[in-house]
Every structure is written in structure tokens, then in C-alpha cells.
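Everything on this sheet refers to the single structure shown next.
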Amino acid sequence: MSDKIRFILDDKVCYANPGETIMDASRHNGVFIPSLCYVEGVKPAGSCRICNVKVNGRYMTACNTPVADGMVVENNIPEIEDLRKAIIEVLFVSGNHFCPSCEKSGNCELQALGYRFQMMVPRFPYEFPHKGVNAKSKLIYHDRNRCIMCKRCIRMVVKDEKNVFAFNARGGHHLHVELDVELANQLTQEEALHAMDICPVGAIIKKERGYYSPIGSRKYDFDPIGSELSK
Ligand code: SF4
């Protein structure tokens, strides 16, 4: 007897392995659920909330909710799509996301989702934050005004088993991601470039190589609606 779990996703009968999250199972069944903090194979953070779906009528984050037998998941419905669009708009207005002047433009997952959800003018007022930048390390420029707190760098940029990025001012409204300059100075060129690549926006920029992807060869030049996001 098969030990696969059977569930319904957007009216489609899908199958998952025991313990698999809705996010992983959806992708293995060919259904795309957008996210900005999810990376396959990395412990989910559930921080961006863009993967919100309705599970048996209740909102749940797909990246850290395991599939259960008989579960009914709604993903591609207007209510969820508008919720995701609203979150994307909040991220845009609460950060310094001026795409034309950002090195990550064309390779930015937030920008790609903006296009995917046809965001025009955000419904919320711009905050124009002053969260500061950290340009003290040799290879990395960290712009906290662009940080969307996805925790990817905290989970994935490690040097000698120590986190190069960490939360600071935890618990207060000044919570932000801080770069450990001493550790960052020990990163190789490749590791610094990897840190830039795993950041979904332009908050982590590798120094010494400005605009190294020419227009026309950036990731979302080939995938303008971001259908391959986070793969
Ligand atoms: S710096 Fe980039 S990767 Fe790190 S939390 Fe902020 S947005 Fe995410």
C-alpha cells in the first residue's frame, strides 16, 4: 500500500510524502506558490507570509505547514492573490526599493513579484526609512533600508559555523539584521557573491563588481513574471 498522502490543491488531486510541507509538495506536484523567504532544502522561516494559503478554510503559511491526508488547500484564488499583493506593496513602501537605481534590478525577487502581481501604485504610503547601511566590511555592502527580514542570510551565510548575519534589537520595533563585519571580512569572493545571490532583494551587495549582470541577461529578463522564483 502506498504511504503517500493525498490532498487537494486548487481542485487538483496531489500526493505528498509524509512530513512534506505544502510548499515542497506543491512544487513537486507542479503548482507554484510564491515566497520570498523559502529556499528548498533550507529550514523554513515562515517570515515573509507571501506563501499564505487557505487550508480547510483557514490561513496558513505553506512553507512550514505539513501536508495532512485529505487536506484541501486553496492557493490560486482572488482572496489569496490580493493578500499576497498587499504584502508585496507593504514591503515596497516600507523599504528603499527604487528599482532603476538598484544593482539587483532584474535579479530581485521582490521586483519580480511586483510584476507578477501587477503592482502599479501601492495602496499604502511610502515610509522612506532611515535604517542605515553598513559598508565597513571588505567585500559586502549591507543596506538595511532594503532588507525585508526574510532571514535567508541568517540561515544560509555561515563562516566557520558562525552566522555572518544576525538579528539585532530583538523584540523592539528597531529589530534589524546586522552584519558581523569581522566574520564578513573572512569571506572569500565566492562566499560574498553567494551572500548577495541568496538575498532576494538588493540588501546585500558584493563590493568591487558593480552591475556585473548586463541588462538582458538578468534572471527575470527571461522570466518576467517570476514563475521560477525560489527554485
Ligand atoms: S539582508 Fe537580504 S537575505 Fe538578509 S534578511 Fe534582509 S532581505 Fe533577507
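A few comments on the model shown:
- Failed condition for residue 122, given (1) open to solvent by less than 20 Å² (accessible area, probe 1.4 Å); (2) assigned to a loop (DSSP other than H, G, I, E, B); (3) closer than 11 Å to residue 205 by Cα; (4) not small (Gly, Ala, Ser): (3)
Rundown of residues vs (1) of a type in the set (A, V, I, L, M); (2) touching a Lys or Arg at 6+ places or on another chain (Cβ under 8 Å); (3) open to solvent by 30 Å² or more (accessible area, probe 1.4 Å), yes/no style:
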site	(1), (2), (3)
129	no, no, no
134	no, yes, no
139	yes, yes, no
148	yes, no, no
166	yes, no, yes
175	yes, no, yes
197	no, no, yes
205	yes, yes, no
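- Number of positions in the stretch 18-34 that are of a type outside the set (A, V, I, L, M) and within 15 Å of residue 54 (Cα to Cα): 4
- Taking each residue of the stretch 127-156 that is assigned to a loop (DSSP other than H, G, I, E, B) and looking for partners that are more than 13 Å from the ligand (Cβ to nearest atom) and polar (S, T, N, Q) with beta-carbon atoms closer than 8 Å, six or more apart or interchain, yields 137/185; 138/185; 139/185; 139/189.
- Number of residues in the stretch 39-52 that are in a loop (DSSP other than H, G, I, E, B), within 18 Å of residue 81 (Cα to Cα) and open to solvent by less than 40 Å² (accessible area, probe 1.4 Å) equals 5.
- For the stretch 145-185, the tally of residues that are basic (Lys, Arg), within 18 Å of residue 199 (Cβ to Cβ) and more than 14 Å from the ligand (Cβ to nearest atom) stands at 1.
- Residue in the stretch 168-175 that is hydrophobic (A, V, I, L, M, F, W, C), part of a loop (DSSP other than H, G, I, E, B) and touching a Gly at 6+ places or on another chain (Cβ under 7 Å) present: no
The values are calculated or read from the model by the stated rules, or taken from the named source; none is laboratory data. If you're wondering where the values come from, they're calculated on a predicted model, not measured in any experiment. Every residue, glycine as well, gets a Cβ built from its backbone with ideal geometry; the counts of neighbours run over all protein chains shown. The accessibility values were calculated without ligands, DNA or RNA, using every heavy atom of the protein model including side chains. Shrake-Rupley method; radii C 1.70, N 1.55, O 1.52, S 1.80 Å.
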